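Here is the structure we will look at, set down as structure tokens.
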């Protein structure tokens, strides 16, 4: 039996929501999964010729995690990936691979794992919950980790808000983007981000999209990451000057996510 799974690209942080917020976007990877003896992965589109096509492929590794969690032997799988999410651009390509493999393998086994268990496995694999929660639940997600348990809630987004992603040729790894962040945060910067995080959730939920420019400001990660992407601020300002409601670095970058009015 072939299992077909579609997983969205995601943008994390959304400015002040560092490691908390995630947003599913209208760009998708498709996975066709069938249990087999041994692992064979075919890749089309983004990452073709670069990504592993054997047992070390992330989708295959995710499938193995499900079998192990369910107490079943993993025989292997034939996996076909049609990738549209560009890798290393801050759009959750690895999260999509982990979530896609987990969902496909779980379905192939008759869904022994519930959604919370799948989310926990995805968070363990990815290392942080924001992208995987949005990829799994869709919409705008708020995630909270408490020990080994991760709780995530998907929130409605005003239909007036559309999202545009500006994707450069530059690539960046999450590890590199996190390495430039300071281990210490001042109280004033923490309060700055808490205020804007609350305002962002309120503005998206209530439709007060006029508040997004202020609500998407950040002091915890975007200023530090400008050393990796020195052009980021000029592009952000250009987007705002041309009418964007708000504009932020997408995840670890280097893509920029802009909120716009009424794009459908």
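The values are calculated or read from the model by the stated rules, or taken from the named source; none is laboratory data. Because the structure is a prediction, the values reported are computed rather than measured. So basically every Cβ, Gly included, is an ideal-geometry build from the backbone, and we count neighbours across all protein chains shown.
From the list 214, 201, which one is in a helix (DSSP H, G or I), outside the structural domain of residue 92 (by TED's automatic domain parsing) and either in contact with a helix residue (DSSP H, G or I) (Cβ under 7 Å, 6 or more places away or on another chain) or free of Cβ contacts under 8 Å to residues at least 40 places away in the same chain (or both)? Write out each step before concluding.
Values: 201 fails: either in contact with a helix residue (DSSP H, G or I) (Cβ under 7 Å, 6 or more places away or on another chain) or free of Cβ contacts under 8 Å to residues at least 40 places away in the same chain (or both).
Being in a helix (DSSP H, G or I), outside the structural domain of residue 92 (by TED's automatic domain parsing) and either in contact with a helix residue (DSSP H, G or I) (Cβ under 7 Å, 6 or more places away or on another chain) or free of Cβ contacts under 8 Å to residues at least 40 places away in the same chain (or both) holds for just one of 214, 201, which is 214.
Any idea which of (1) surrounded by 22 or more Cβ atoms within 10 Å (Cβ to Cβ); (2) at pLDDT 90 or above is the one residue 251 doesn't satisfy?
Of everything listed in (1) surrounded by 22 or more Cβ atoms within 10 Å (Cβ to Cβ); (2) at pLDDT 90 or above, residue 251 misses just condition (2).
Can you tell me how many residues in region 95-112 are surrounded by fewer than 20 Cβ atoms within 10 Å (Cβ to Cβ) and either touching a residue at least 12 places away in the same chain (Cβ under 8 Å) or in contact with a strand residue (DSSP E or B) (Cβ under 9 Å, 6 or more places away or on another chain) (or both)?
Number satisfying all stated conditions: 4.
Going through region 145-195 one residue at a time, which ones are over 23 Å from residue 132 (Cα atoms), surrounded by 14 or more Cβ atoms within 10 Å (Cβ to Cβ) and touching a helix residue (DSSP H, G or I) at 6+ places or on another chain (Cβ under 8 Å)?
160
Tell me, yes or no, whether region 156-179 has at least one residue that is over 22 Å from residue 236 (Cβ atoms) and modelled with pLDDT of 90 or more.
The answer is no, given that none of the residues of region 156-179 is over 22 Å from residue 236 (Cβ atoms) and modelled with pLDDT of 90 or more.
Here is a list of conditions, (1) crowded, with 16+ Cβ neighbours inside 10 Å; (2) touching a helix residue (DSSP H, G or I) at 6+ places or on another chain (Cβ under 9 Å); (3) in contact (Cβ under 8 Å) with a residue 40 or more places away in the chain, and residue 117 meets all of them except one; can you say which number that is?
Result: residue 117 fails condition (1) only.
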